[in-house]
Amino acid sequence: MKKLILVILALSIIVSVAPFRASADSVHSGDTQIKTIELEDGATIEIITETVKISRSSIISHVDYIYSESGTAKWKASLIGYFTYNGTTAVCTSSSLSFTIYDSAWSVSSSNATKSGATAIGTFTMAKKILGITVSTVSDSLTLTCDPNGNIT
């Protein structure tokens, strides 16, 4: 009985600590691109795009749009697109748009995430209110497009 318990215990430890290994083709390191835009009013926008191939024929890409004033992030819009591709065609299978608010004066006025062909699209308007009065708005859109070889632009 002791041997059986020890064998079961040993197997459960091996199974629980064994790394789950994906095939070499199924997970690839990601690619990150960063772009910073200075606006006339002194605000900055940082756009960070990260892409990870999750198999030979599918990819996930994520773009963050971070709005800052005086060096402090006020809010972030994030678009995620899921794509499949086969060397001949590419298709966006889903898209989603989410927001993180760092400064309570800002809020999401409107937002929409769609997909069309091989493109994920997120459109939004953010509003800054002081004492309930809108003093500033930022409207923009984010797009992620996959080519037939799995490259994101």
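None of the figures in this text is laboratory data; all of them are computed from the coordinates on show. Note that the structure is a prediction, hence the values are computed from the model and not measured. Here the Cβ is made from the backbone with ideal geometry for all residues, glycine too, and neighbour counts use every protein chain on show.
When you count, for each residue, the other Cβ atoms within 10 Å and take the mean per peptide, how do 80-89, 38-47, 94-103 rank with the highest first? Don't jump to the answer; show the numbers that get you there.
Values: 80-89: 17.2, 38-47: 11.9, 94-103: 15.0.
Ranking, from highest mean packing down: 80-89, 94-103, 38-47.
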Quick one: if you stick a label point 7 Å off each Cα along the C-beta vector at residue 94 and residue 31, how many nm between them? 2.4 nm
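Taking a 19 Å limit on the Cα-Cα distance, which of the listed pairs 76/129; 53/74; 53/76; 74/128; 74/129; 35/76 fall beyond it?
On the way: 76/129 17 Å; 53/74 31 Å; 53/76 24 Å; 74/128 10 Å; 74/129 13 Å; 35/76 14 Å.
Pairs exceeding 19 Å: 53/74; 53/76.
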